[in-house]
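Here the structure comes first, spelled out in C-alpha cells, and everything after it is commentary.
The values are calculated or read from the model by the stated rules, or taken from the named source; none is laboratory data. Quick caveat, the model's predicted, so the values are computed rather than measured. Because the Cβ atoms are built from the backbone with ideal geometry, glycine has one as well, and the counts that use them run over all protein chains shown. These area figures cover heavy atoms from the full protein model, side chains too; ligands, DNA and RNA do not enter into them. Shrake-Rupley method; radii C 1.70, N 1.55, O 1.52, S 1.80 Å.
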Protein chains: 4
Amino acid sequence: MVKPDKSRGFASDNNAGVHPHILEAMVAVNKGHVIAYGDDPVTAMAMNRFREIFGEDAGVFFVFTGTAANVLGLASATQPFHAVISPATAHIQVDECGAPEKFTGCKLIAVDTPDGKLTVEKIAGQMQGIGFEHHVQPRVVSITQATEMGTVYSLEELRDIADYTHEHGMVLHMDGARISNAAVSLDCCLYEMTGGVGVDILSFGGTKNGMMYGEAIVFFNKTLGEDFKYRRKQGMQLASKMRFISAQFNAFLQDDLWKKNAAHANLMARKLHMAVADIPGVEVTQRVESNAVFARIPPGIIPRLQEHYFFYVWDEERSEVRWMCSFDTTESDIEGFASLLRSSGEQQ
Amino acid sequence: MVKPDKSRGFASDNNAGVHPHILEAMVAVNKGHVIAYGDDPVTAMAMNRFREIFGEDAGVFFVFTGTAANVLGLASATQPFHAVISPATAHIQVDECGAPEKFTGCKLIAVDTPDGKLTVEKIAGQMQGIGFEHHVQPRVVSITQATEMGTVYSLEELRDIADYTHEHGMVLHMDGARISNAAVSLDCCLYEMTGGVGVDILSFGGTKNGMMYGEAIVFFNKTLGEDFKYRRKQGMQLASKMRFISAQFNAFLQDDLWKKNAAHANLMARKLHMAVADIPGVEVTQRVESNAVFARIPPGIIPRLQEHYFFYVWDEERSEVRWMCSFDTTESDIEGFASLLRSSGEQQ
Amino acid sequence: MVKPDKSRGFASDNNAGVHPHILEAMVAVNKGHVIAYGDDPVTAMAMNRFREIFGEDAGVFFVFTGTAANVLGLASATQPFHAVISPATAHIQVDECGAPEKFTGCKLIAVDTPDGKLTVEKIAGQMQGIGFEHHVQPRVVSITQATEMGTVYSLEELRDIADYTHEHGMVLHMDGARISNAAVSLDCCLYEMTGGVGVDILSFGGTKNGMMYGEAIVFFNKTLGEDFKYRRKQGMQLASKMRFISAQFNAFLQDDLWKKNAAHANLMARKLHMAVADIPGVEVTQRVESNAVFARIPPGIIPRLQEHYFFYVWDEERSEVRWMCSFDTTESDIEGFASLLRSSGEQQ
Amino acid sequence: MVKPDKSRGFASDNNAGVHPHILEAMVAVNKGHVIAYGDDPVTAMAMNRFREIFGEDAGVFFVFTGTAANVLGLASATQPFHAVISPATAHIQVDECGAPEKFTGCKLIAVDTPDGKLTVEKIAGQMQGIGFEHHVQPRVVSITQATEMGTVYSLEELRDIADYTHEHGMVLHMDGARISNAAVSLDCCLYEMTGGVGVDILSFGGTKNGMMYGEAIVFFNKTLGEDFKYRRKQGMQLASKMRFISAQFNAFLQDDLWKKNAAHANLMARKLHMAVADIPGVEVTQRVESNAVFARIPPGIIPRLQEHYFFYVWDEERSEVRWMCSFDTTESDIEGFASLLRSSGEQQ
C-alpha cells in the first residue's frame, strides 16, 4: 500500500533498502521470548562471528548508527581536554551535527587534505602545545576507510599512521562506515586492514552495505572498551530487542555477504567511472577506489540530471558532484545515467 | 538456523518479539530507493497518522529508543541550570545510566512515591530556591504513564499536574513507553490523555508494545520542537533508513493494532493477578492497572520459579518481584506460571 | 569612598572581609613581573607549604571557588556514567546550581541524613545496580567536613567511611570548605583528618576562613591529579596572576593563622549557643561542633531580628534558621544578638 | 619575604602586577560585613559605572577569568548544535584548552586569517549547511578586539561584521581581553566600539590591564543575559566576596585609569617597534596597533635574549616572536631590550 519513490539514483548508499538475506534473517529470529538487551543466543552467535574475524580479545558492541559508533568510540578513548585529529572532510567533522564535541567535550582538529586521507606529516603538523595546559592535548587520530572522498588508504599508509599515533601515546580510530568497500578494494581481509595494522577502535559499518540499521564498535585494545557497556547505554544506543541487530550481522558476515555487496558496489562505481570518463565537460576529481565517483560537471545540466537520478552536489562552487553506488545499483542504472549525462552535456 | 531461547516468561515486554503485522509492513517497504533520513513517502504517511491522532500542530520525530525519546525531549525544554522533577522510580532516574544528566546537564530531582505517581503536593514540595542562583531551577515535570509500577494516572490527576506545572512556568513531559497500556486502561484516546490534558512533550513508545525498534517524540507545543531535528542528529538518533521505523508505526497505528496489543497485555496482567491473588505468601503490592503485576513472594521460591519463567526481582530486601505481560503473553503462560507458583508456595 | 554596609550579622562566613595578614601578604607580592599562571616563586613557596602539611606526594592545585574545587575534583575521579553519593544537604547537591552534573555528566545521589553526615550504612544502601549497565555506577563518596549542618565527623567515622569506600573500589572526596573549623574542633592536624584517614581528594577551603578568594584541591593519590592542570584550565579556573592566590595561602598557612581564625569562629559559635540555649522558644537543632548554630525560633520574630543582624532561614517550614560565625565575629555581636533575640521572644 | 622574580620582560601583560590604585581600592573595601555574592554597595556602584558606559539596558556580570567570560558568554547565546565562527588564532580556539567545546557543546569553526581579523567574506565562506540537520548551525561570530595579533578592527570593519552577523540571525561576540588597548588605538569610547557598532556580547577585560583578577560580561541585548546568573554560578564563576572584584572595577573605571594604562602600554609597543624596526634580521610581521609587537628574528639569538627578558616564541617554524607591553613597561625596559637585541644581532 505504501509506494516507495520509484526513482533510483546515486545519492547515497543509504537510499538503498535491505539485502533480502538480511531481511530474511530478521524475520527468522522473530520467535518467542529472549532476554532483552543482548543476553540472547542470536547475539551470542554474532559476537562469536566478530571474534572469529577480529580476534578472541576484541571487545564488540552493537549500536544503532555510524555517528553513534564514531562518537562513543571517541568518548571511550578521551577526556574532555583531549583533541581528535582528523581530515576536514571526515564524517565526524561535517556530518554529525557536532555530536562528537557535544558528547566528548573534545576539540576536533580539522586537517585539510586533497583526497580525504591523513598522512603522518599532516598529523605531525598538529602536534602542538603538548604538555601545555592552555592547549587541548592530541589524543586520537581518526581516519575513515574508505574515505568520504571514495579513496582508500593502502596497508602501508595505515601502518605508518598507526605507528606514528602509538609512538606519540595516541589512539587510532577508524571510521569504517564503508570498511567492506575498502577491504574489497585492497583485496585483504577485515582484520588485516584494522587490528592488523594497529587500529585501536573501529566503527564497523553495516547500514550502508545492505543492513537496515546497526553498526558495531570493535575495540582491539580490550581495556579501552572495558566500561563501554555503560557508555553505550548512557549514549542512548542500547537496543532492547537486540536480537534483530544481531541477526542482521549474522547474515551480513555469513557466506561473505558483506564482501559480495561491497564488491558489487565497487564494480558499479568503476563502471560508472569508465562510462563517464570521456564525456566532454566531465572531470572525475578523485581516484575511484571504492563505491564513490566524484566529478566536476557543468552546473547547468545538474537540475535535469537530478530529475531522473537523484544525487548530491558536493561542492557548489566547484560544481563538483558525488555519485554513490550501492549493493543494489544495476548496470542499467549506470547505462541510463551515463547516457543521460552524455546527452545533457551535448545539449549544453 | 538460530534458535531463540524457547523459555517464556514475565521479565519484560522487551523480551517479546515483533508483532507479525509490523514485521510484514517492514518487509513490504523494502523496495527500491528512497531518500534517506526521513524524506520519503513511508515516513510522510506515518507523520500524517501521528498528526491525525495528536493534532495538526504536533511536531513529531522518530528516534531509536525510549531512553533517547526521554532524554532528547528533556533536552529540548531545558537549559543546563534547570531541574527535572520526577518520581524516584522513573525510568529517567534509575534505568538510563545517567543519560539525562549527561546529555542535558540538568539535575534530576527524585521524589519518593508509594505508587510511582507524582502529585501536585509532591511537586510543590520541590519548588525550592526559585530565582536563587545557587539552586537549579525547576523547569520540567516528568511523569510516566503507565508508571513503572504498573499504575495509571487518571485524566483528572493528569490535568491537575499539568495545570500546576504550567502555572509555575514549567513544561510537562510524559514518558509514554507504555502509553498504549494506559490508554486502554483509561479507555480514552491517545490525545485525550496527552495533549488533551496539557502534556507538552510526549515520549510515545512502540517497542514495548510489539514494534522492533523506534519511538516517537511528540511536541504539542511546536515551538519546543522547532530545532529538534538538529538535537536528534546530534543525539545520534537520526535513522538513515528511516522508512523502516516509519513502516512500523504505520502498521502500529493502523486498525488499532496498538490498542489490541495493549488490551491483550493488560488483560493478561489482570488474569495473572486473579490467578495468584489467593496464593498464600503472595501479596500483590500495586494496583494492577496496566500490564504489570508487582508482588511480594517468599524469597526461597524465586530461584525455582525463574528456572521456568524468567522475571526480575524488583526489590530484594522486600522480596518484591515484577511480572510483565506483553502482547504475546498467552493464557497458558499465565496458567502454567500461576500453577507453578501455587505449588512452589505449598512445598515451602 | 565606598561605604560597605555597616550592618553585621550571622548570614555567612562569606560576608566577612579578608584577614589583615592575608591582605598585607597580597600587597607585599605586588612587585615587578613574574611568570603568569603559577610558574612563580610565590606559588612555589605555597606549594611547598601544602606539601609540608599534606605530604611530599600530594598533588596541589589552586582554583577560584569552593564550587570549582568540588566540581573539578569530582571530574578528575569520574566518567559520566558514574555516580557520586553524598548527603542530601551537601553543597554539591543544593548550592552549586547543578555544576557537578553539568561538568561531570554524573548523577548525584542524595542521601537523607539527620545531621549532614553519611554513615557506612547509608552509603551501603546506595550500592545498587553494580555492574548493571542500566544503572549509573557509584564511584565517589563525597562528604563535607565540617558539614553544612555545623557537625563534624570524628576520625573514626572518617576512617570507617574511607575503608568502606576503598573496599568497594570507590574514591573518597572531602569538601573542606570549612576544614579549618573541623580540624580545630577535633584538635587534630590537617593531614590527620584527610589523607591520614584515607581521603583521596580534598577541596581545601580558604575563603570562608579569612581569605579573599582561592581554594585548593589536594590529591593524596597523585595519579588522580595527573591531568588536573588541563582540567583546571578547561574548567576556567586557572588564575593568570596566580601569585595573588598563592600569597594568600602563604599567609593563611603561616603561624597557624588558619587555625586561629577557625578557633575564634568556633568559639563564637559555642558562645552564641550558650547565650541562646535557654531563651524560651529557641531550640538548637544540631550539635554545635564548628562555627554554625542551627535553631528553630518563632517565625514571627525573624523579620525584626533580620533588620539588625542578617541571617538566613534554613527551612521555612520548620522555622529553622542558621547562624554562622566567622573569624571576625565579636563578643559584642554575640551579646547584642542574643539580647535582641531574648527580648524579641519576650515581646511575642 | 617572598621575592618575586626580578627579571622583567615582554612575555605577557599577565606577568605584570596590579596597578596601585586598584590595590588601594581593594584594601579600602575590606571593612565589616557585606552580603556575599554581589548584593553589596561596592558592587552596586560598579554596576552603575558599567551602565553609565554601556547603557542603562546593559546586563553586566563579573566573573574570574577571560576564558570564563568568553565561554559563558558563548554558552548564553548557543544551543549545543550551534557553531561559533572565529579566527583560527582566537583565544577561544587555541588558549582555552577546549573549554568552549566542553562547556557549550558547540563546534568552533576556525578561520585562517593573516592578521587575526575576520572579514565578512571570510564569515560568509563558513555559512554552510544552513537548515541541514547533519551540520552544526552557525550562530555566533566571535572576534577579538584588539586581536591576538595586536591588530585592531576599525569601527567600519566592526559595523560590517555586525551587520552581516545580524542579517543572518547570528549573534556577535567580542573577546575584549584587551578592549582598552583597542579603544585607545581607535581613540573612541568603549561603547562606540562595542554596543555602538552592534556587538551583542562583550567579554570586558581587566586583568591584562592592571587588575588582579576579574572580568566582566556585558550583554547589550538584555534578553541574552536574562538567565545568566544561573549560568555563572553553574560555571563556577560566582565570587562569594564579590566586593573585591567590584572595587577593582570601580578603580579601573575611575578617572580613566583603564585608558591611561592602555595608552601607556600601546605607547611602549610603538616605541619598541620603532626601536627595533631597523635592526638587521628583525622583521616586524604585524601592524603595531595595540600593545603587542610580532617579529621574526634570527632563531640563534632567542635564548640569549630570553635570559634577560622573558618572552614567548609565537611560531617556532617561522622564528616569529611576540613581545607584549603592559601598563608597567618602562622606557628603560624598551631601551635595554632593543639594545640587547641590536647587539645580539650583530654578534651573530
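A quick yes/no check of all residues on (1) touching a residue at least 40 places away in the same chain (Cβ under 8 Å); (2) of a type in the set (A, V, I, L, M); (3) open to solvent by 30 Å² or more (accessible area, probe 1.4 Å):
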position	(1), (2), (3)
D:119	yes, no, yes
D:122	no, no, yes
D:125	no, no, yes
D:132	no, no, yes
D:139	yes, no, yes
D:143	yes, yes, no
D:147	yes, no, no
D:154	no, no, yes
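For the stretch B:101-117, enumerate the residues that are within 13 Å of chain D (Cβ to nearest Cβ) and open to solvent by 20 Å² or more (accessible area, probe 1.4 Å). Selection gives B:102 alone. Restricting the search to the stretch A:178-197, which residues are touching a strand residue (DSSP E or B) at 6+ places or on another chain (Cβ under 9 Å), closer than 9 Å to residue A:152 by Cβ and among the polar types (S, T, N, Q)? Once the filter is applied, which keeps residues that are touching a strand residue (DSSP E or B) at 6+ places or on another chain (Cβ under 9 Å), closer than 9 Å to residue A:152 by Cβ and among the polar types (S, T, N, Q), the stretch A:178-197 yields only A:181.
Which ones in the stretch A:54-68 are open to solvent by 50 Å² or more (accessible area, probe 1.4 Å) and out of contact with any helix residue (DSSP H, G or I) (no Cβ under 7 Å at 6 or more places or on another chain)? So that I can check it myself, show each step before the final result.
Kept after step one, since they are open to solvent by 50 Å² or more (accessible area, probe 1.4 Å), are these residues of the stretch A:54-68: A:56-57.
A:56 - this is the single residue of the stretch A:54-68 that is open to solvent by 50 Å² or more (accessible area, probe 1.4 Å) and out of contact with any helix residue (DSSP H, G or I) (no Cβ under 7 Å at 6 or more places or on another chain).
Inspection of the stretch D:140-147 identifies no residue that is more than 21 Å from the chain's Cα centre (by Cα), farther than 30 Å from residue B:231 by Cβ and outside any strand (DSSP E or B). Checked across the stretch C:79-87, the condition of being more than 9 Å from every other protein chain (Cβ to nearest Cβ), under 19 Å from residue C:232 (Cα atoms) and of a type in the set (S, T, N, Q) holds for no residue.
Residues checked against (1) in contact with a Cys (Cβ under 7 Å, 6 or more places away or on another chain); (2) assigned to a helix (DSSP H, G or I); (3) in the same structural domain as residue B:208 (by TED's automatic domain parsing); (4) more than 30 Å from residue B:48 (Cα to Cα):
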site: B:278; (1), (2), (3), (4): no, no, no, yes
site: B:290; (1), (2), (3), (4): no, no, no, no
site: B:300; (1), (2), (3), (4): no, yes, no, yes
site: B:305; (1), (2), (3), (4): no, yes, no, yes
site: B:313; (1), (2), (3), (4): no, no, no, yes
site: B:322; (1), (2), (3), (4): no, no, no, yes
site: B:327; (1), (2), (3), (4): no, no, no, no
site: B:335; (1), (2), (3), (4): no, yes, no, yes
site: B:339; (1), (2), (3), (4): no, yes, no, yes
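Looking at A:75, A:46, A:11, can you tell me which residue is closer than 30 Å to residue C:103 by Cα, surrounded by 19 or more Cβ atoms within 10 Å (Cβ to Cβ) and outside the structural domain of residue A:313 (by TED's automatic domain parsing)? Spell out the reasoning first.
Details: A:46 fails: closer than 30 Å to residue C:103 by Cα; A:11 fails: closer than 30 Å to residue C:103 by Cα.
A:75 is the lone residue from the list that is closer than 30 Å to residue C:103 by Cα, surrounded by 19 or more Cβ atoms within 10 Å (Cβ to Cβ) and outside the structural domain of residue A:313 (by TED's automatic domain parsing).
The single condition among (1) more than 30 Å from residue A:103 (Cβ to Cβ); (2) facing chain D (nearest Cβ under 7 Å) that residue C:98 does not satisfy is (1).
Scan the stretch B:259-286 for residues that are over 21 Å from residue B:297 (Cβ atoms), of a type in the set (A, V, I, L, M, F, W, C) and open to solvent by less than 20 Å² (accessible area, probe 1.4 Å) and report the count.
Start the filter on the stretch B:259-286 by keeping residues that are over 21 Å from residue B:297 (Cβ atoms), which leaves B:259-267.
If we keep only those that are of a type in the set (A, V, I, L, M, F, W, C) too, we end up with B:262-263, B:265, B:267.
Still in the list and also open to solvent by less than 20 Å² (accessible area, probe 1.4 Å): B:262, B:265.
Selection size over the stretch B:259-286: 2.
Flag: residue C:75 matches the condition of being in contact with a Gly (Cβ under 8 Å, 6 or more places away or on another chain), within 14 Å of chain A (Cβ to nearest Cβ) and under 25 Å from residue D:228 (Cβ atoms). Can you pull out every residue in the stretch B:214-243 that is open to solvent by less than 10 Å² (accessible area, probe 1.4 Å), within 13 Å of another protein chain (Cβ to nearest Cβ) and aromatic (Phe, Trp, Tyr)? Answer for the stretch B:214-243, where residues must be open to solvent by less than 10 Å² (accessible area, probe 1.4 Å), within 13 Å of another protein chain (Cβ to nearest Cβ) and aromatic (Phe, Trp, Tyr): just B:228.
More than 10 Å from chain D (Cβ to nearest Cβ), under 24 Å from residue C:192 (Cβ atoms) and assigned to a helix (DSSP H, G or I), is that true of residue C:70? Can you show your working first?
Working: more than 10 Å from chain D (Cβ to nearest Cβ): no; under 24 Å from residue C:192 (Cβ atoms): yes; assigned to a helix (DSSP H, G or I): yes.
The answer is no for residue C:70.
State whether the residues of the stretch C:314-333 include one that is of a type in the set (Val, Ile, Thr), in contact with a strand residue (DSSP E or B) (Cβ under 7 Å, 6 or more places away or on another chain) and at pLDDT 95 or above. Looking for residues that are of a type in the set (Val, Ile, Thr), in contact with a strand residue (DSSP E or B) (Cβ under 7 Å, 6 or more places away or on another chain) and at pLDDT 95 or above, one finds at least one in the stretch C:314-333, hence yes.
State all residues of the stretch C:9-66 that are in a helix (DSSP H, G or I) and within 7 Å of chain D (Cβ to nearest Cβ); if no residue qualifies, say none.
Filtering the stretch C:9-66 down to residues in a helix (DSSP H, G or I) leaves C:20-28, C:36-38, C:41-54, C:66.
Correct list: C:23, C:27, C:28, C:36, C:41, C:42, C:45.
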